[in-house]
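Worksheet for the structure shown next.
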Amino acid sequence: MREANRIAAVILTEIGDRIKPGVSTYELDTWAEERILGLNAKPGFKGYRSGNRVYPATLCTSINHEVVHGIPTKERILKEGDIIGIDVGVIYDGFFGDGAYTYAVGQVAPEVEVLMKTCRDALDIGIEQAKNGNRVSDISRAIDRYVRPKGYEIVRDLTGHGIGRNLHEDPQVLNYYDGKKGQKLKVNMTLAIEPMITNGTYKVRTLDDNWTVITDDCSLSAHYEHTIAITGNGPEILTRL
Ligand code: MF3
Ligand code: CO
């Protein structure tokens with residue numbers, strides 16, 4: 001799990017310099033796939049099945065009002081002022097890595113910077129709760145109580161998840177608090193925590209490509225994700241170099 005997630009972190013770190021106006025999401029995807037293969041790992045999302053859908057790419061590239069699962073294409077060119085969420089999955093020696101980060105393309109408006117920072121901080125605040133003896137709902141509640149008073153909404157239809165030999169395992173990690181007592185967290189559990197927040201509605205819909213999830217009101221959305229392990233010494237962030 002450490003190696004799979006370290007490789008995800010390598011991609012999210014190195015892709016930062018490649019995100020600039022004029023670049024297509026396809027170019028980013030091709031680069032990421034080759035980089036992952038060069039590190040003796042495989043893309044974790046490409047070929048991933050969910051119902052009758054098969055995900056076709058290495059990265060999810062979700063621009064502006066796209067929340068998650070945007071499919072890279074040659075036609076989609078980044079422009080100054082966009083924000084782009086990059087989500088990457090990796091399989092190394094049978095184990096999954098999963099991480100995401102939202103980047104500014106060139107300069108973005110100050111209020112967009114605040115949206116991104118709030119989501120980043122929400123992820124850190126959620127991770128702090130990922131410790132032995134706590135409950136999954138402690139993570140969800142911490143994120144909810146941090147984000148919503150700031151006037152942002154939290155996407156509810158998508159969640160974080162357990163991760164290991166499969167990309168998605170139990171438990172679900174909600175990013176909002178539903179008032180229920182969640183499952184207890186134990187040492188050696190590995191979780192992908194991934195808040196998605198918007199500056200409009202929490203409601204989302206899926207485009208006709210069957211993957212791209214957008215905000216219902218086309219408001220902007222940010223998404224950050226870390227895979228963490230619960231150790232006897234608190235959370236260890238695996239998707240960090
Ligand atoms: N981080 C996302 C998730 O955990 C990305 C999945 S993309 C998919 O669901 F193609 F694999 F579905
Ligand atoms: Co995930």
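Throughout, read-outs are computed from the coordinates displayed, never taken from laboratory work. Owing to the predicted nature of the structure, the values given are computational and were not obtained by experimental measurement. In this analysis, Cβ positions are derived from the backbone assuming ideal geometry, glycine residues included, and neighbour counts consider all displayed protein chains.
Numerical summary
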{"quantity": "Subset of Lys150/Lys203; Lys150/Lys186; Lys20/Lys74; Lys131/Lys180 violating a 22 Å alpha-carbon distance limit", "calculated": "Lys150/Lys186"}
{"quantity": "Sites matching GluC sites (Glu not before Pro) across segment 1-77 that sit in DSSP coil, with at most 12 neighbouring C-beta atoms within 10 Å", "calculated": "Glu75"}
{"quantity": "Longest site-free stretch - the chain; sites: trypsin sites (Lys or Arg not before Pro), DSSP loop, at most 11 other Cβ within 10 Å", "calculated": "75-164"}
{"quantity": "Kirkwood Rh, Cα atoms: Rg over Rh of segment 1-143", "calculated": "0.99"}
{"quantity": "Positive-end residue of Ile77, Cys119, Pro171, charge dipole of segment 2-237 with Cβ unit charges", "calculated": "Pro171"}
{"quantity": "Net charge, Ala9 excluded, C-beta distance under 14 Å - Lys, Arg +1, Asp, Glu -1", "calculated": "-2"}
{"quantity": "Average projection area in nm² (convex hull over Cα atoms of the chain, one quarter of hull surface)", "calculated": "12.0 nm²"}
{"quantity": "Charge context of Gly232, other residues only, Cβ under 12 angstrom, K/R +1, D/E -1", "calculated": "+1"}
{"quantity": "Spin-label model distance (nm) - Lys117 vs His168, 7 Å beyond Cα toward Cβ", "calculated": "3.4 nm"}
{"quantity": "Relative contact order computed over segment 1-133 (Cα-Cα under 8 Å; 6+ residues apart), in percent", "calculated": "28 percent"}
{"quantity": "Helical segments meeting 15 Å axial Cα length and Kyte-Doolittle 0.0 threshold in the chain (DSSP H)", "calculated": "2-14, 110-128, 136-147"}
{"quantity": "Net charge over other residues, Cβ less than 11 angstrom from the Cβ of Gly179 (K, R count +1; D, E count -1)", "calculated": "+1"}
